[in-house]
Amino acid sequence: MGFWAGFWIPRRRRLGRWLLLGLCIALLVAGPPMLAIANSPATDPAAPSPGRPEAVGNKVDGYPVTLDGEPLFYVKQGVDGVTTAEERAGIITQRLGAIAADPTLNPDEIRAQSSDSQSVVLAGDTVLFTVRQEDVAAYGMSHPELAADAVERIQQGVIGYRDRRSLRRIVTSLGMTVLSTVAVFLVLRGILFGSSRLLTYISQRREADTLTLQIQAVRVLGSGATSYLLGGLVRLLRPVLILLALYLYVPFVLSQFPATAAFGDSLLQDIAFRLSLLAQGFVAYLPELAMLGVIALVTYYVIEFARQVIVELGRHDVYPWFYPEWVQPTNRLAMLLIVAIAMVIAGPYLPGFGSPAFQGISLFLGALLTLGSSSAVANALSGIILIYTRAFQLKDFIRINDVVGEVADKSLFVTRVLTPKQETVTIPNASVLNSNVINYSAICRESGGHLLLYTTVTLGYDLPWRRVHEVLIEAARATADIAIAPAPFVLQTALNDFNVSYELNAYTASPAKMPDIYSRLHQNIQDYCNAADIEILSPTFSALRDGNHSTIPADYLPDNYSAPAFVVQSTSAQPPLRNPRLKESRPASQPDATTANGA
């Protein structure tokens, strides 16, 4: 039951959508005929149809006599003392509407009877109007000719009026409405189906990461941004195409029925007028468009030429002063400069250039960039300077202030450093430029040299310094990633009050492993010193020579040297005698004790 319920619910929803769509189509099919019947001008056929603009006359061209909203001829003269030209045209229009709506009147019964002074236009026994001598003067034609022309026009108008309302014409209009409705349904269905398939295809391409948009080697948009942009365009174009299809469909259907034909024709004329304006504007813009195409073509070839020149400069064996790592940023800067110049040249050929709206937007963007981009410009200029000063490159192991790590990314605005703790530190390029940058990898990358690592150990004066050197060098050689050649060496950097500072120096070709190398080096120093019976202490002496051995190494003492005896002195009434052999390296307030090597 659960399966059938899950199957039936989507089917019910789909059925509901189809029923709603069918109802809309039924309204579209039945609406125009119902509207035609409801607005049938049987009572006043001469009145203008809904939606059709009524013909407007004037004293010079005359006032129109209309039938079914269409002008047949114009009246320029009224009847002296009775009606004006406008009133006369209105009366004739009403009479024509009445005879057109009378199915018993044959159009052939509309005729003209002429005499010497005037001609009378009749419809059966009904007088429609009279052509007088005043009309002859206004039109420049004889009254029989004017009457004959009017009769012909009226007959054609009545025939057309009745033909548009005939059963055959209504059936034909209904058939055209049904066909056009089916066609627009298929078009709308195709738009919805095509847009859905296109969105699915864009989603699949995004998941496959194949929608990346790049110009030359510059990545403009990633797959996610490109898919978002394309999806938005599809979703925007879908309702536009649907509205365009309906905009063409509705006037066509309305034009099939007499009651709404005028409104449909006006919509179609409006569409044709706008398309004509669009075509005229496009044709008028063709010279500017051709110039833009020429500018784009020249810009493309100039960029390609500049790229070839920059790549040629990157040959380090020919141009040693132009470093290979400068090729890509120089290519980007050159392309940016060339495109900026091309945009300046192409500006006057863009649509709307020089208009108040274009100028207002330009001023707004200029003010926005001026007020809000000072730090961004500073970082961008700092990024360019860092590129051409060659302070560091990608994958270099560097130190910037307290940040130590590998350069993970170097963009125009920021530098990202990946620390040994796997922390990504983002530093603005302006801060990098104002800081001291220590590059541990430069010597290894540029000249194939080695980075010198060093660490300091403080030991007592009683240890022979030559032995200390040997032990420390052996510890360095036993450390992985420490170079055998150049050989490690030891420097005695200070003779402190109580100890000697031994600085162990060792070379490595793996600067990125520096934290690990230091750790293993310190471990080996501990192991090798312990094996050599050397205590790694920083001794502080408070030496009482009586009864204590000298701290000078045994190699420097005479063979017959022995520790002096203790001197015992009475503390009776007389003041104690000062022993001239007593030497103190601590203040007298400290206890008399012997401390060596921290013991």
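Data for the structure
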| read-out | value |
| --- | --- |
| Qualifying residue in the stretch 440-448 (condition: exposed (fewer than 12 other Cβ atoms within 10 Å of the Cβ), within 30 Å of T479 (Cβ to Cβ) and of a type in the set (G, A, S)) | yes |
| Hey, S276 of a type in the set (S, T, Y) and more than 41 Å from the chain's Cα centre (by Cα) or not | no |
| Residues of the stretch 102-118 that turn out to be outside any loop (DSSP other than H, G, I, E, B) and either in contact with a strand residue (DSSP E or B) (Cβ under 7 Å, 6 or more places away or on another chain) or under 11 Å from V131 (Cβ atoms) (or both), as a count | 6 |
| Condition check for S382: of a type outside the set (K, R), loosely packed, with under 12 Cβ neighbours inside 10 Å and more than 30 Å from I295 (Cβ to Cβ) | no |
| Test result for P576, exposed (fewer than 14 other Cβ atoms within 10 Å of the Cβ), at pLDDT below 85, over 30 Å from K395 (Cα atoms) and not assigned by TED's automatic domain parsing to the domain that holds L459 | yes |
| Contacts under 9 angstrom Cβ, first residue in the stretch 187-199 being touching a residue at least 12 places away in the same chain (Cβ under 8 Å), partner polar (S, T, N, Q), 6 or more apart | none |
| Unmet criterion (only one of (1) outside the structural domain of V407 (by TED's automatic domain parsing); (2) at pLDDT below 95) for N439 | (1) |
| Candidates Q133, Q118 - the one that is polar (S, T, N, Q) and buried (at least 16 other Cβ atoms within 10 Å of the Cβ) | Q118 |
| Only listed residue being loosely packed, with under 12 Cβ neighbours inside 10 Å, at pLDDT 85 or above and of a type in the set (V, I, T), chosen from T200, T177, T181 | T200 |
| The lone exception for L122 - which of (1) under 20 Å from A148 (Cβ atoms); (2) not in a strand (DSSP E or B) it fails | (2) |
| Any pair with Cβ under 6 angstrom, 6 or more apart, that starts in the stretch 297-324 at a residue that is assigned to a loop (DSSP other than H, G, I, E, B) and ends at one that is surrounded by fewer than 16 Cβ atoms within 10 Å (Cβ to Cβ) and not basic (K, R) | G314/P324; H316/P324 |
| Among residues of the stretch 482-505, those that are of a type in the set (D, E, K, R) and buried (at least 17 other Cβ atoms within 10 Å of the Cβ), counted | 0 |
| Among residues of the stretch 49-72, those that are modelled with pLDDT of 75 or more and of a type in the set (S, T, Y), counted | 2 |
| The stretch 311-338, subset buried (at least 17 other Cβ atoms within 10 Å of the Cβ) and under 15 Å from I295 (Cα atoms), residue farthest from the chain's Cα centre (by Cα) | I338 |
| Verdict on I525 being surrounded by 15 or more Cβ atoms within 10 Å (Cβ to Cβ), of a type outside the set (K, R) and in contact with a helix residue (DSSP H, G or I) (Cβ under 6 Å, 6 or more places away or on another chain) | yes |
| Matching entry among T415, T419 (being in contact with a strand residue (DSSP E or B) (Cβ under 9 Å, 6 or more places away or on another chain), surrounded by 13 or more Cβ atoms within 10 Å (Cβ to Cβ), β-branched (V, I, T) and free of Cβ contacts under 8 Å to residues at least 24 places away in the same chain) | T419 |
| Verdict on L167 being more than 30 Å from S223 (Cα to Cα) and modelled with pLDDT under 85 | yes |
| Residues located in the stretch 156-175, provided they are under 17 Å from T104 (Cα atoms) and among the β-branched types (V, I, T) | V158, I159 |
| Subset of the stretch 267-315 [hydroxyl-bearing (S, T, Y) and over 30 Å from W326 (Cα atoms)] | S276, Y285 |
| Selection count, the stretch 399-412, where residues are modelled with pLDDT under 90 and buried (at least 16 other Cβ atoms within 10 Å of the Cβ) | 2 |
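Let's see how each residue does on (1) among the small types (G, A, S); (2) at pLDDT 85 or above:
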site	(1), (2)
E304	no, yes
V311	no, yes
G314	yes, no
F322	no, no
S355	yes, no
L363	no, no
G366	yes, no
L369	no, no
A376	yes, no
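Matching residues to (1) over 55 Å from the mean Cα position of the chain (by Cα); (2) in contact (Cβ under 8 Å) with a residue 60 or more places away in the chain:
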residue: V457; (1), (2): yes, yes
residue: V468; (1), (2): yes, yes
residue: A475; (1), (2): yes, no
residue: A494; (1), (2): yes, no
residue: A512; (1), (2): no, yes
residue: Y518; (1), (2): no, yes
residue: I534; (1), (2): yes, yes
residue: I552; (1), (2): yes, yes
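Each row is one residue, and each column tells you yes or no for (1) touching a Cys at 6+ places or on another chain (Cβ under 9 Å); (2) modelled with pLDDT under 85.
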{"position": "Y528", "(1), (2)": "no, no"}
{"position": "E535", "(1), (2)": "yes, no"}
{"position": "D546", "(1), (2)": "no, yes"}
{"position": "A565", "(1), (2)": "no, yes"}
{"position": "S585", "(1), (2)": "no, yes"}
{"position": "T595", "(1), (2)": "no, yes"}
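The values are calculated or read from the model by the stated rules, or taken from the named source; none is laboratory data. Just so we're clear, the structure is a prediction, and the values are computed from it rather than from any experiment. For neighbour counting, all protein chains shown are included, and Cβ atoms are generated from backbone atoms with ideal geometry for every residue, glycine included.
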